[in-house]
Each structure stands twice: as structure tokens, then as C-alpha cells.
Amino acid sequence: MARIVKFALEMKNGFQARNNINELRNHFDYGKIVGYFTDGRLVRWLANRGYEKEVTELESLNVNDDDFKKRICEILQVDESLAYDEDNVMDEELLNRLEKVRQYTADKTILDNIDKVATNQKELLELAEKNESEIYLCAESFVIPLVVENVTYIGIGNPTAVIKSSHYIDFAESNIVFKNVNFNDEYNKICDEFLAKEEIQAQLAEDSDREADGEMLWLEANEYEDTDKEKYIQLLKEAAALGHSRSMFDVGYYYEKDEENIELAKHWYENAIQGGESAAYTRLGHIYKEEKNYQKAEKCYKKAADMGNEYGMYYLGLFYENIRCDEKTAITWYRKAAELECVPAMSILAYYYRSRKEYNEALLWAEKAAEKDYADAKILIGTMYYNGEGVESSYRKAFEWYENAAKDGSDWGMVYLAGCYERGDGVAQNWSKAYEWYSKAAEAGNENAQEWLEENGSTEAKKIKQFSENAIAELCSVIIHGRLENGTKIWQEEGSRSDGDFRLFNYKCWDVNYTRKKCYSLKEPFWSKINEYNELSIGMGYYPNIIDSCQYIVFTTKRVYVQDEDGNLHYCPYSIIKDVILENENKLYCKLEDESTWWLPDSKKWINEIGGHSMRMFLLIMGKIFGECEYNFSMNEITMLSKVKLESLGGKSILEYM
């Protein structure tokens with residue numbers, strides 16, 4: 001069972017910000033931020049995580065200030081353009097409700113749940129219609145809708161609950177609970193007559209107070225969990241002494257995990273069980289399983305499962321699968337847990353059905369788990385798309401699922417993503433990206449990634465990782481122009497046009513908008529490809545005849561594109577080039593790794609404009625750096641390349657990277 005953590009702030013698209021301020025920035029929702037600022041949760045959230053500077057600045061703000069939006073965006077370091085005026089903010093009615101409640105309490109739990117507070121009868125009925133399980137009653141008299149069951153009413157400012165009944169009601173039967181709430185005189189009289197003895201009434205009040213006090217101490221304890229363990233345990237034990245079962249569980253978990261005192265952990269878990277805490281059975285099951293006391297472990301898991309604990313069901317399934325070798329019973333419990341939204345159970349069911357080639361069922365459960373950001377399920381979906389299991393095979397979709405899992409921090413997601421970059425599956429082959437993700441997986445402890453790095457982590461591989469996009473752009477311009485970025489000429493350029501008329505090579509990458517501006521007649525297929533593979537332009541040209549102005553050649557960081565006079569798009573990735581042939585000074589073609597051939601359309605035209613030897617040299621270099629090009633440069637070519645020293649690589653020669 002997961003540990004209790006600090007409260008989260010719900011941001012855009014339901015994202016739960018729990019850990020740091022970057023999560024607020026990355027999922028910024030201005031409307032919700034205003035609401036959290038207004039009710040005080042934003043300041044407490046930041047203070048709990050040590051953002052003292054931001055807290056100080058926020059405390060000087062007033063939501064009615066003319067420059068409030070600008071200042072709060074500056075404090076949180078968020079682009080003000082993300083703060084849309086039409087975003088929903090806390091409405092005026094809720095603000096009025098909050099202002100009234102603050103007259104009676106500063107309790108953060110209540111203020112954090114202002115949308116569950118009723119300050120008049122109308123608001124109470126609206127909350128009851130929403131089937132709220134907890135409703136706060138503030139300072140008024142409220143007629144309680146007795147037909148609504150399973151509600152806890154909590155009083156603020158000494159409210160009165162008016163019970164319209166001529167007889168005593170056992171609210172426990174309807175699971176209706178009142179805390180810090182007075183009843184109307186008529187109903188109090190009925191209660192007095194029914195209970196008869198003041199001692200019984202006092203005992204009931206004492207029990208209620210003990211429960212409320214235990215809950216408050218437990219909430220207070222959780223504020224110290226990460227900052228002051230001694231205070232945390234002290235408050236938990238005080239709450240446990242009042243009979244608070246969750247506090248007993250948390251004390252047991254502390255002794256099990258932090259102190260590694262198993263006997264004390266067992267003692268506290270057993271106390272929690274007496275208070276009805278089903279998760280304590282699950283923890284005891286883990287302990288007995290580690291001690292190889294399988295009979296007791298099974299009994300504990302079964303007790304938790306019988307009490308409706310979904311994780312008890314899940315771990316009981318694992319027990320039957322791995323200890324009892326009873327797959328049929330295991331699957332039964334996995335399904336029961338999954339139906340109660342236990343995410344690991346959903347994922348393990350998906351893997352089970354996939355092993356039986358029941359792909360529809362596998363995908364169903366995997367998608368349910370993936371919706372809850374479970375990385376293993378995302379990897380499974382990616383693999384099913386990769387292999388075409390129950391779905392149409394799609395390397396691109398596989399890549400996207402692996403990337404999603406990797407960004408969630410899954411080491412295996414990182415390994416699968418790195419493999420896609422290494423092979424070019426669903427994405428342009430990119431050795432540097434593969435190296436990067438294998439390295440991240442290795443840092444996360446993945447042994448497969450560590451073995452890969454041992455085999456491939458050579459000096460050459462590290463050099464490729466250093467080869468930036470701007471270095472590619474600079475290399476392209478140096479080769480085409482025949483001069484370094486600083487103006488030093490290293491050989492005679494070949495093309496027939498001047499730089500201003502044709503040769504759009506400027507030693508730096510261009511983004512898509514610049515490319516669109518210069519190549520306004522390029523057809524849609526080009527833009528779809530360059531966006532799909534996230535490419536940057538490094539050099540481009542057009543045939544200057546105004547009649548044929550639709551003809552372009554564009555070099556990007558990953559491939560070369562040509563749009564012919566009919567508007568057809570042709571392209572070739574650098575990573576699959578094995579050799580480049582310049583034939584009779586008017587034809588240029590590439591031999592590819594699959595033994596096929598890619599011809600440069602209108603070769604003679606582009607050779608005349610750019611230079612055949614320059615284009616050939618650049619394509620060979622890119623094939624060697626990012627692919628498996630087998631060409632060996634001649635001594636004359638090596639002499640020429642020794643002069644190509646790039647500022648983007650600290651003045652190093654390109655020969656060091658081949």
C-alpha cells in the first residue's frame with residue numbers, strides 16, 4: 001500500500017502536482033492557481049516543499065490587484081500568455097462562502113474543501129444531490145435530508161442540525177455521522193428520552209471526541225513526515241492512543257521500513273487490524289512471506305482480500321502464482337483486484353492474456369493501467385504495436401508508447417526507446433539519442449543498458465553523442481561554401497550561383513518557420529515529414545528559373561529532401577547511406593544499406609548549382625557519422641577534410657568523428 005504523501009494540487013487536464021514547482025509550471029492552469037491562492041492552498045503547498053522566496057512574494061499579493069495575473073506568473077516563472085482570462089477561477093459564490101467560513105476557522109482541511117461547505121439550506125441540498133460523503137455545516141440551522149445516506153456532517157461555528165422526526169433515529173443504520181454539530185431542541189428531547197441516562201450520552205460524546213482528536217493528530221503528523229521523523233512518530237503514537245487505526249498502521253510501517261524492527265512492526269500492525277485497518281493484513285503478509293512462513297502469509301493476504309482490500313487481492317494473486325504455482329486461482333484474484341482499480345493487477349492481467357494470445361483482452365487491461373500512468377502497461381502496449389499483436393503493426397506508435405514510459409522514469413521504457421533510436425524503428429535513426437537513453441537506463445540500474453554501454457560506450461560513440469545539430473549545420477555550410485565559419489577559404493567552391501541568390505547555407509540550423517519563409521512553394525508532404533521527425537533545416541536552395549520555382553533541395557539535420565518540378569517529394573536519410581557515387585559529373589546517387597539505390601532527382605541541375613563533389617562529400621560524412629557507410633576516403637580527400645575544423649566542435653577536425 002502506498003505511503004501517505006503531502007496533498008497534491010490538481011492542474012490542467014487533471015494532472016496531480018505533488019513534488020515540485022516544475023509540475024505547476026509544466027501543467028499550468030491559471031484558473032485553478034487563482035483558486036488555490038485564494039483559499040491558501042498554493043502558499044501551503046509551496047511552503048511544505050521549501051519554496052520560501054515564492055511564499056514570501058505570494059503573501060504580498062492581493063487577488064484584486066490590477067497586476068495580479070502578471071505578478072503571480074512572474075513569481076511562479078510562467079509565461080503570462082498561458083494565463084487565459086477565460087480560464088475558470090473560483091466563482092464569486094465560492095469566494096463569499098470562503099470568506100464566511102474564515103470567520104469561524106483557519107483549519108486548512110476545511111478551507112481546502114470549501115466546495116464541500118454549506119452556509120445555507122440551498123447549498124446543503126446541492127451538496128446532498130451530488131452524493132458528497134463529507135459535508136461541512138457552517139454556523140446556521142440546517143434541515144438534514146434524512147433520505148440521503150452515507151454522509152458525514154462536520155460542524156463549523158456551532159451549527160444546528162434540524163432533524164424532522166417524531167422518533168429517535170439510529171443514524172448508524174444509514175451511515176450518517178455528525179461531528180461538532182448540535183441538534184434542534186425538539187430532537188434533543190427525543191434523544192434524551194430515548195437514551196435516558198446522561199452517562200451514556202457522555203460516553204458517546206467522549207468516543208466522538210477521541211475519534212476526531214485522533215484524526216486531527218494524524219493529519220498533523222503527516223505534515224512532519226519528511227521534515228521531522230521524531231515529531232512525526234510522536235504525533236502518530238498520540239493518535240494511536242486515541243484508537244486511530246490508520247496511525248497504528250503508519251507507526252508499524254515506520255518500524256518496518258525505517259527502523260527495520262520487524263517485531264515492533266508486527267505489534268503495531270496487529271493493533272491496526274483490531275481497529276479495522278485491512279492494509280495491515282497485507283503488510284503482515286509481506287513480512288511472513290519474507291520469513292518463509294507461507295501459511296501465515298497466505299492467511300493474512302486472504303484476510304485483507306476478504307475485507308475488500310484490492311491490494312490484498314493482488315498480493316494474494318501473486319502468492320498463488322509464485323508460491324503455490326496455482327495460476328488459475330491467481331488470475332481469479334488478479335481480476336477481482338483489477339475490477340477494484342488496482343493498477344498493478346490490471347497490468348499483470350494484460351501480460352497474462354497476451355501470453356495466451358488473447359490480444360483484445362490484453363489490450364483492454366493494458367490501456368486501463370496506462371490511463372493511470374503505469375509504465376509497465378505502456379511498455380506492453382508499445383510491444384504489441386511493435387509486433388502487430390491484435391493491432392496493426394506500427395513502429396511509430398510503439399515508439400510513442402516507449403517514449404511515454406521512459407519519460408515516466410521506467411528503466412525498461414528507456415531501454416526500449418533507446419532501441420528504437422538505435423534501429424530507426426518509428427523514428428529517424430539517431431545514434432546519439434540511443435546512447436543518451438541507454439545511459440539514463442543504466443543510471444537507473446538496468447543491467448541490459450549497462451551491458452550495452454560496455455559494448456558500445458567507445459570513444460567513437462561518445463563523440464557521436466557530442467555531435468550537435470548546429471555542428472551538422474556548420475559542417476554542411478563549410479563543405480558547400482568551401483570556407484570555414486570565420487571566412488577562411490579551404491578550397492574552391494563549385495556552384496555557379498552567388499550566396500545571395502542561391503546558396504542559403506549560414507552555418508546554423510534554421511527552424512521550420514524560416515524554412516517556410518524561404519521555401520514558400522514547398523508542398524505539404526515535406527512539412528509533414530519534417531514535423532514528424534522533428535528536423536531542423538541546415539541548408540537549402542531553389543532552382544532560380546521563375547517558371548520552375550517549385551523545385552527545391554533542402555538539407556536537414558537527418559536527411560536530404562528534393563521537390564522536383566512536378567511537386568513530388570524525394571528524400572534520403574543520412575543514416576542508411578553506404579556510399580555516394582558522382583557519375584560523369586552530371587549524375588549523383590546513393591547506395592543504401594538495404595542494397596537499394598537513391599538517385600538525386602534532376603542531378604545535373606543541382607550539381608551545377610551546388611557542386612557535385614561538395615554534395616557527395618557532405619553525404620558521405622553524414623553516412624559515416626550516423627550510419628554504417630563503408631566508403632574509405634582517398635588521401636586527397638583526407639587532406640581536404642583535415643582542413644574542416646568546426647567551431648561548434650571546439651575547433652576540432654571532422655576527421656576525429658569518422
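Once you list every other residue whose beta carbon is under 14 Å from the beta carbon of ASN182, what net charge do they have if Lys and Arg are +1 and Asp and Glu are -1?
That works out to -2.
At 0.36 nm per residue, minus the direct Cα-Cα distance, what do SER133 and SER393 gain on full extension? Give it in nm, one decimal, please.
So the chain would gain 89.0 nm between SER133 and SER393.
Among the lysines, select those whose C-alpha is under 27 Å from the C-alpha of LYS605, and discard any that sit fewer than 8 residues away in the same chain.
In chain and number order, the partners are LYS489, LYS508, LYS517, LYS518, LYS523, LYS529, LYS558, LYS578, LYS587, LYS591, LYS624.
Could you please rank SER432, SER247, placing first whichever residue has the fewest other Cβ atoms within 10 Å of its Cβ?
Going from least to most buried by this count: SER432, SER247.
What distance in nm separates the two pseudo spin-label positions at LEU61 and ASP115, each 7 Å out from Cα along the beta-carbon direction?
Between LEU61 and ASP115, the simple spin-label model gives 2.0 nm.
Can you tally the net charge around ILE273? Count Lys and Arg as +1, Asp and Glu as -1, for every other residue whose Cβ sits under 11 Å from the Cβ of ILE273.
Numbers: positive: LYS266, ARG283, LYS303; negative: GLU270, GLU277.
Within the 11 Å Cβ shell, the charges total +1.
Please give the direction-averaged projected area of the C-alpha convex hull for the stretch 243-464, in square nanometres with one decimal. Don't jump to the answer; show the numbers that get you there.
Details: hull surface 57.4 nm².
Spelled out: convex hull of the Cα atoms, projected over all directions, averaged, 14.3 nm².
Once you place label points 7 Å from the Cα toward the Cβ at SER81 and TRP527, how far apart are they in nm?
Distance between the two pseudo-spin positions: 1.8 nm.
List every residue whose amide H lies under 5 Å from the amide H of GLN16, counting only residues 5 or more places away in sequence or on a different chain, with H placed 1.01 Å from N in the peptide plane.
Distant-sequence amide H within range of GLN16: MET11.
I'd like the GluC sites (Glu not before Pro) in the stretch 540-608 restricted to DSSP loop residues with at most 11 other Cβ atoms within 10 Å, sorted by number.
Those that pass, being in a loop and sparsely packed, are GLU595.
Taking the structure as given and computing semi-axes √(5λ) of the Cα gyration tensor in Å, which label from [x] 66, 32, 22; [y] 36, 30, 26; [z] 47, 32, 24 fits?
Comparing each candidate, only [x] matches the computed number.
Under 21 Å Cα-Cα from LYS122, which lysines qualify once same-chain neighbours fewer than 8 residues away are excluded?
Result set, ordered by chain and number: LYS100, LYS130, LYS164, LYS179.
Just to be sure I understand the model, the point goes 7 Å from the Cα along the line to the Cβ. What's the resulting SER596 to ASP408 distance in nm?
Calculated label separation equals 3.5 nm.
Note down the net charge around PHE626, summing +1 for each Lys or Arg and -1 for each Asp or Glu among other residues with Cβ under 11 Å from its Cβ.
Taking every Cβ under 11 Å from that of PHE626, the sum is +3.
Taking only pairs that are 8 or more places apart or on different chains, how many Lys pairs in the stretch 254-300 have Cα atoms under 14 angstrom apart?
4
Neighbour counts of other C-beta atoms within 10 Å: give me CYS325, CYS73, CYS191, CYS300 arranged from fewest to most.
If I rank by nearby Cβ atoms, fewest first, I get CYS325, CYS191, CYS73, CYS300.
Using Cα-Cα distances under 8 Å and only pairs 6 or more residues apart, what relative contact order does the stretch 243-464 have, in percent?
8
Stretched out fully, how many nm does the piece from LYS517 to ASN456 gain, at 0.36 nm a residue minus the Cα gap?
Values: separation 61, 0.36 × 61 = 21.96 nm, distance 4.12 nm.
Gain in length upon complete extension: 17.8 nm.
Straight-line reach from LYS407: which aspartates and glutamates fall under 16 Å, measuring Cα to Cα and dropping same-chain residues less than 8 apart?
Within reach: GLU23, GLU371, ASP373, ASP376, GLU436, GLU443.
From the P(r) of the stretch 540-648, could you give the percentage of C-alpha pairs in the tail past 25 Å?
Roughly 21 percent, rounded to a whole number.
Please arrange TYR395, TYR153 by how many other C-beta atoms lie within 10 Å of their C-beta, fewest to most. All intermediate terms of the calculation are to be shown ahead of the outcome.
On the way: TYR395 16, TYR153 21.
Taking fewest neighbouring Cβ atoms as first place, the list is TYR395, TYR153.
Per the helix-only calculation at 222 nm, which mean residue ellipticity applies to the chain, given -39500 (n - 2.57) for every DSSP H run of n ≥ 4 and division by its residues, nearest 500 deg cm²/dmol?
Estimated from H runs of four or more residues: -16000 deg cm²/dmol.
Read-outs: derived from the displayed coordinates by stated rules, not from any lab. Remember, predicted model here, so these are calculated numbers, not experimental data. Neighbour counts run over all protein chains shown; Cβ positions are idealised from the backbone, glycine included.
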